[in-house]
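Trainee: Let me give you the structure first, and then I'll get to my questions.
Every number here is computed from the coordinates shown, using simple stated rules; none is lab data. Not measured: the values here are computed from a predicted model. Cβ: placed from backbone, ideal geometry, glycine included. Neighbour counts: every protein chain shown.
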Amino acid sequence: MNIRSYDKLANQLVKAFLKDRIIKALPTTLTKKIVSANKFRKLCESKINDPIIGFKAGGTGIPLIKKLKEKEPFYASVFKKRFLKSGKKVKINKSTLGIELEVCYCIKKKFFKNKKIITKKNITRFISYMAPCIEVVGYRQRKKGIKSFGDLCSDFGGNVKFLIGKKKKFKKVNIGNLKTVIFNKRINQYVNGNTKTVFINPLNSLRFVLNKVKKDKINLNRDFWIFTGSTVGVVPIKGKGTYIGKIEKLGSVKTIIN
């Protein structure tokens, strides 16, 4: 693919991202391999003027990693306009894949001055807050399902909206074994989960993303959020109404799907 065609596709996807529109599916040459998809994601993100408020981990379920024969999760930027308070409305379409319930962390800006690799021992010194989060995931393309991590990564990580619950000052808890649930009472849809499904645990997922951000030499020069991946998988949205997510010891978060 020549540079002109490559850039044209990026512009089309960026426009769809900004206008909440749907375009035809990207060529598989861009999405089949994570290396190509990641390169395309970075190009698209560079064309967005909206401030980056954080990053998300994607593909954090170990069974999914093995099924798709990937080596590790991926990450993508999260922009300010995609970030909402708990309880806000989110409009979906036919390319919406589902809804997720996650643990998210607020990271101190001093992280960007740190020159060492982030480890299990030093990671907690960079965390100020933690909170429950709902992520609505989907494409800006006419496609369904996930055949590779590149499908999601190339399309801004599949980001539709992030809704954050009440944040709490960070404290050490057994984050690798907390019960979670997301539900919609109106349609009697309940899905249970556990934080241990998130790439061993959410802190390990956080460590993964922070080291990727460091490797890519990104510097936001301010506090930012990391969304660590779904504790309940990608839950299909079976009806409109209020979806509530609860994470043991962290609290709850909700969104109105319409």
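Trainee: Show the residue pairs that are 6+ apart or on different chains and have beta-carbon atoms under 6 Å apart, the first residue being within the stretch 112-130 and under 11 Å from Asn211 (Cα atoms), the second being among the polar types (S, T, N, Q) and surrounded by 13 or more Cβ atoms within 10 Å (Cβ to Cβ).
Mentor: Ile118/Asn211
Trainee: Pull out all pairs, ordered by first then second residue, where Cβ-Cβ is under 6 Å, the residues are six or more apart or on different chains, the first lies in the stretch 86-99 and is over 10 Å from Leu163 (Cβ atoms), and the second is crowded, with 17+ Cβ neighbours inside 10 Å and small (Gly, Ala, Ser).
Mentor: Final answer for the pair search is Ser95/Gly138; Thr96/Gly138; Leu97/Gly138.
Trainee: Would you say Ser36 is out of contact with any Lys or Arg (no Cβ under 9 Å at 6 or more places or on another chain), in contact (Cβ under 8 Å) with a residue 40 or more places away in the chain and not in a loop (DSSP other than H, G, I, E, B)?
Mentor: Yes, satisfied.
Trainee: Lys66 passes all but one of (1) over 19 Å from Thr231 (Cβ atoms); (2) surrounded by fewer than 14 Cβ atoms within 10 Å (Cβ to Cβ); which number fails?
Mentor: With respect to (1) over 19 Å from Thr231 (Cβ atoms); (2) surrounded by fewer than 14 Cβ atoms within 10 Å (Cβ to Cβ), Lys66 is out only on (1).
Trainee: Sort out which residues of the stretch 7-33 are surrounded by fewer than 16 Cβ atoms within 10 Å (Cβ to Cβ) and not in a loop (DSSP other than H, G, I, E, B), and write them in order of number.
Mentor: Scanning the stretch 7-33 gives Asp7, Lys8, Asn11, Lys15, Leu18, Lys19, Thr28, Thr29.
Trainee: Moving to a separate point now. Only residues that are farther than 30 Å from Asn258 by Cβ and either touching a residue at least 60 places away in the same chain (Cβ under 8 Å) or part of a strand (DSSP E or B) (or both): list them for the stretch 172-203, please.
Mentor: Val173, Ile175, Phe199, Ile200, Leu203
Trainee: Against the definition (surrounded by fewer than 20 Cβ atoms within 10 Å (Cβ to Cβ), of a type in the set (Ser, Thr, Tyr), under 18 Å from Lys212 (Cβ atoms) and out of contact with any Phe, Trp or Tyr (no Cβ under 6 Å at 6 or more places or on another chain)), how does Ser86 come out, yes or no?
Mentor: Considered against the rule, which asks whether it is surrounded by fewer than 20 Cβ atoms within 10 Å (Cβ to Cβ), of a type in the set (Ser, Thr, Tyr), under 18 Å from Lys212 (Cβ atoms) and out of contact with any Phe, Trp or Tyr (no Cβ under 6 Å at 6 or more places or on another chain), Ser86 comes out as no.
Trainee: Also, quick follow-up: If Ser154 meets every condition in (1) closer than 25 Å to Phe17 by Cβ; (2) in contact with an Asp or Glu (Cβ under 9 Å, 6 or more places away or on another chain) apart from one, which number is that one?
Mentor: Of (1) closer than 25 Å to Phe17 by Cβ; (2) in contact with an Asp or Glu (Cβ under 9 Å, 6 or more places away or on another chain), only one is false for Ser154: (2).
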